[in-house]
Amino acid sequence: MRTKICLALCLLMGGLQLSAQELTQGYSHWYTYFGTAQINQKWAIAYDFQARIRNGISNKGQILNRAGLQYTPGKNASYLLGYSFITTYSDGADQYFPEHRIYQQFIYKNNTRTFNMTHRVRFEERWVGQKTAAVKDVQHWKYGHRLRYFNRTQFPIRKAEKVTPFYFALQNEFFMNVFNSEINNKFVDQNRFLIAQGYALKPNLKVEAGYMNHFVQPATGNNSMTHILHLAVFHNFNL
């Protein structure tokens with residue numbers, strides 16, 4: 001039953017973009033690394049680096065660096081306080097725009113014999129630098145709050161009732177602008193739906209490849225839908 005609910009939720013969230021009237025289509029490659037450096041049983045440093053490259057291989061896209069201090073008091077739940085720095089290329093201004101974020105998040109994991117499910121709620125405080133094509137320096141900063149809900153369900157692939165290193169994953173994340181954001185005053189900010197195949201090289205090291213459908217509703221202009229080749233590495237280790 002829980003598996004069916006998860007699938008329905010992912011399909012529902014992933015289908016939000018179908019309501020869009022006008023869409024700008026595009027494609028990208030996302031190269032991502034997610035690491036967790038375990039300090040002790042309860043404390044860890046979680047970080048990730050992502051290069052989101054437009055139109056295959058180019059110098060246009062988005063570079064994201066993110067890190068936070070994570071506290072896990074028990075088996076299933078964890079809390080994190082972190083910081084992100086992002087640069088995003090703007091076609092109109094023909095340059096990169098900087099963004100600083102402070103974020104708080106809560107993660108709850110539900111693991112069973114047939115699937116592993118992760119819920120994540122993240123709240124962000126964002127500062128986005130504003131530039132023009134004529135001026136390369138940041139003229140001012142726009143501030144906004146954003147709420148994100150992330151659900152990922154991972155299904156181990158079995159052979160003769162034994163778990164293999166392969167797995168299948170469904171993932172969706174829904175973004176909402178809240179508290180009258182100066183960055184984007186529309187409630188629905190974006191949605192990311194991912195379907196992926198993964199392989200565990202070691203218990204603490206996994207690689208994954210999949211397709212992501214990324215719907216964005218910007219503050220101005222047409223909505224966009226980007227078709228993404230998503231490549232990821234997950235690495236956990238002890239300090």
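The values are calculated or read from the model by the stated rules, or taken from the named source; none is laboratory data. All figures in this text were calculated on a predicted structure; none of them were measured in a lab. As a convention, Cβ positions derive from the backbone with ideal geometry for all residues, glycine included, and neighbour counts pool all protein chains shown. Accessible surface areas use protein heavy atoms only, side chains included; no ligands, DNA or RNA. Shrake-Rupley method; radii C 1.70, N 1.55, O 1.52, S 1.80 Å.
Considering only LEU80, LEU201, LEU229, the Gaussian network model of the chain with Cα springs below 10 Å gives its largest mean-square fluctuation to LEU201. Please list log₁₀ I(q)/I(0) at q = 0.19, 0.22 Å⁻¹ for the stretch 107-239, using the Debye equation with identical point scatterers on the alpha-carbon positions. Rounded to two decimals, the profile gives -1.15, -1.31.
Summarising the overall dimensions of the stretch 168-239 from its C-alpha atoms, the Rg and Dmax are 16.1, 46 angstrom. Lysine pair count for the chain with Cα-Cα distance under 26 Å and sequence separation of 8 or more or different chains is 28.
Round to a whole angstrom and tell me the spacing of the C-alpha centers of the stretch 162-207 and the stretch 82-124. Their Cα centres are 9 Å away from one another.
Between helix 2-14 and the chain there is an angle of about 20 degrees, using the helix long axis and the longest principal axis of the Cα atoms. A simple spin-label model places the labels of PHE49 and THR112 3.8 nm from each other, with each point 7 Å out along Cα-to-Cβ.
Quick one: divide the alpha-carbon radius of gyration of the chain by 2.2 N^0.38 Å and tell me what you get.
Relative to the 2.2 N^0.38 Å estimate, the chain comes out at 1.05.
Within the accessible area of the chain, the carbon and sulfur atoms contribute 62%, probe 1.4 Å, all protein chains present. For the residues VAL135, VAL163, VAL128, a 1.4 Å probe over the protein chains yields an accessible-area ranking, largest first, of VAL163, VAL135, VAL128.
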